[in-house]
Amino acid sequence: MRPILMKGHERPLTFLKYNREGDLLFSCAKDHTPTVWFADNGERLGTYRGHNGAVWCCDVSRDSTRLITGSADQTAKLWNVQTGTQLYTFNFGSPTRSVDFSIGDKLAVITTDPFMELTSAIHVKRIARDPSDQTGESVLTIKGPQGRINRAIWGPLNRTIISAGEDAVTRVWDTETGKLINESDKESGHQKTVTSLAKSADWSHFLTGSLDKSAKLWDTRTLTLVKTYVTERPVNAVAMSPLLDHVVIGGGQEASHVTTTDRRAGKFEAKFFHKILQEEIGGVKGHFGPINALAFNPDGRSFSSGGEDGYVRLHHFDPDYFNIKMGSLWKHIILELHEAID
Amino acid sequence: MAMAFDRPASATIQNPPHSNKIRWGELDEDDGEDLDFLLPPRMVIGPDENGVKKVIEYKFNNEGNKVKITTTTRIRKLAKARLSKSAVERRSWAKFGDAVHEELGSRLTMVSTEEILLERPRAPGSKAEETKVAGDPLASIAKGGAVLMVCRTCGKKGDHWTSKCPYKDLAVQPESFIDKPSASETTVAAAGTSKSTTYVPPTLRGGGDRSGTDMKRRNEENSVRVTNLSEDTREPDLLELFRTFGPVSRVYVAVDQKTGVSRGFGFVNFVNKEDAERAINKLNGYGYDNLILRVEWATPRSN
């Protein structure tokens, strides 16, 4: 495939998000200016000017009219997607790290970093339909995890909030009460900071990536560990294909693979794994620096990666991507059937 | 959304410019059209499996010459996007923020010049890099059929011949080899196995004279095979014959042990490759002791 290279950011990328229909791609970077691109040809549509610090995360509403961004300048901002104007600013006492709209876009979950005396926290804010009615009051505030919370997303039907961060534990909180419902097992879970979280299209399972060089797949209801994908690099970003049983893992420095004679573009690659077999399918090289962000287009036919090099690379899959055969798949299915029967 | 990348049209002039059949000054528009029957019909070679479409048209150019215009278009679909109504509407949104003043030539969004593949993982031990011969600088030098320049003194390849070596002082005198070839070989083996605490003679210590033994091996590469020797030809004869071309490090004549007669061939090792080359050129076919000598490069022996 011929990736489309988009160099709109001066600083490393932090996050990528497609809108629900898959025609817009939002990119966040450390350069204070989130950008929106057309997802088919990579043409830039516009930038959202206003933040004074690195933008860590963003989310877009279902109708693609509202954008929420979280930044290190201790604010989260609401924007009009089409015009780029700021609608509202939520102020916090510490840098905001992760933002996520709920189903229905009536609520948003925002996490803040530990800063000075403040511990990290998860805030739930109400989002008004009319921006002029918007207030900054919190519906719920959850405290508890030690260290930074890198990612918090809404669980199925907005009943729960799933968070993961520096303490390597993935937690499920009840939205009504704010209490901790479930916690990932310490031995089988991640051993180092969890950097990223990606949920499946139907919310039944989600993927976490960690600096312990692995990514893990969890069942959403019970928080049991289902699969583990091992790489040689610390994982910065994870994504799940909505179409095929693939997960993509992007990360940092490869310790063993330092060759100086490679003439090709860039050596940092996004690794594709088969979700069920846990086997590596392959890698897509190209980035000149560690990959910090990954996102799949909701139609599953393209994906984009954002790197430390400031580039967004948009890949439309070749037809033979959809025909990848994993030799051991049938054997695996037969084995599982036998186990089920016996 | 399909994107078409047009290739520029190429025009070929069929008639030479000086034979003007029609003088354009006397033509008006209608006349020009009347003459269209002189032109071959327009051909469209429809899109093949690569999406390449060729349109061949014939026209009269300004000078009245028949011109064949071939337009080659390759239509490549980057992505099949079935856009919803609202997505189509979004496509026509105005640019905002930093994108407002976007010049047409701004290279913010580019298609990669390289084809990037989803590389399947390889079995450990086999590397993708092995197939990329062009990356090896030596391969590119040897490609044109040129001889690989090997300097025996410093061992550097592709830079200079031995006689032009900037490190000439490392070379050891060749006479020493003829006297003690076997001795140096055995002592080299011994030095390899001895530990650092045992005494290592100066000739065998690292660096310095170590190049002497290496040189000996390199001399084997300048080995010249001499065939069709007469029965009583021996080493001194060959030495005398070949030394006129340059210093010789070693001579050998194969002798049948039982009969004491020469088996008709021998080897001469020159110090310098050019001397060996000149010897080959001069002595090949030379009449020596009533036999025509055959002198050529010896093929390297497998040790």
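The values are calculated or read from the model by the stated rules, or taken from the named source; none is laboratory data. Quantities reported herein were computed from a predicted structural model and do not represent experimental measurements. Don't worry about glycine lacking a Cβ; one is built from the backbone with ideal geometry, like all the others, and counts go over all protein chains shown. Surface areas here come from the heavy atoms of the whole protein model, side chains and all, with no ligands, DNA or RNA. Shrake-Rupley method; radii C 1.70, N 1.55, O 1.52, S 1.80 Å.
In a residue-by-residue description of the range A:139-147, the property of being buried (at least 23 other Cβ atoms within 10 Å of the Cβ) and touching a Phe, Trp or Tyr at 6+ places or on another chain (Cβ under 8 Å) applies to at least one position.
Within the range B:59-69, restricting attention to residues that are within 21 Å of B:Gly25 (Cα to Cα) and assigned to a strand (DSSP E or B), the residue that is least open to solvent (accessible area, probe 1.4 Å) is B:Val67. Going by the structure shown, is B:Ala123 exposed (fewer than 11 other Cβ atoms within 10 Å of the Cβ), at the interface with chain A (Cβ under 9 Å from one of its Cβ atoms) and either part of a helix (DSSP H, G or I) or modelled with pLDDT under 65 (or both)? Spelling it out, it is not the case that B:Ala123 is exposed (fewer than 11 other Cβ atoms within 10 Å of the Cβ), at the interface with chain A (Cβ under 9 Å from one of its Cβ atoms) and either part of a helix (DSSP H, G or I) or modelled with pLDDT under 65 (or both).
The set of residues in the range A:1-57 that are assigned to a loop (DSSP other than H, G, I, E, B), facing chain B (nearest Cβ under 7 Å) and not hydroxyl-bearing (Ser, Thr, Tyr) comprises A:Met1, A:Arg2, A:Pro3, A:Lys7, A:Gly8, A:Glu21, A:Asp23, A:Asp40, A:Asn41, A:Gly42, A:Glu43, A:Arg49. Applying the set (1) in contact (Cβ under 8 Å) with a residue 12 or more places away in the chain; (2) open to solvent by 40 Å² or more (accessible area, probe 1.4 Å); (3) away from every other protein chain (no Cβ under 14 Å); (4) not aliphatic (A, V, I, L, M) to A:Glu117 leaves exactly one unmet item: (1). The residues of the range A:285-311 that are of a type outside the set (S, T, N, Q), in contact (Cβ under 8 Å) with a residue 40 or more places away in the chain and assigned to a strand (DSSP E or B), listed by number, are A:Gly286, A:Ile291, A:Ala293, A:Leu294, A:Ala295, A:Phe296, A:Phe303, A:Gly306, A:Gly307.
Note on the range A:172-226: residues that are of a type in the set (Ser, Thr, Tyr) and within 23 Å of A:Ala270 (Cβ to Cβ) amount to 7. Taken over the range A:71-114, the residue count meeting the criterion of being within 14 Å of another protein chain (Cβ to nearest Cβ) and open to solvent by less than 20 Å² (accessible area, probe 1.4 Å) is 4.
The single condition among (1) at pLDDT 90 or above; (2) in a loop (DSSP other than H, G, I, E, B) that A:Ala152 does not satisfy is (2).
In the range A:230-238, the condition of being at pLDDT below 90 and away from every other protein chain (no Cβ under 12 Å) is met by at least one residue.
In the set A:Ile291, A:Ile333, A:Ile341, which member is modelled with pLDDT of 85 or more and away from chain B (no Cβ under 11 Å)?
A:Ile291
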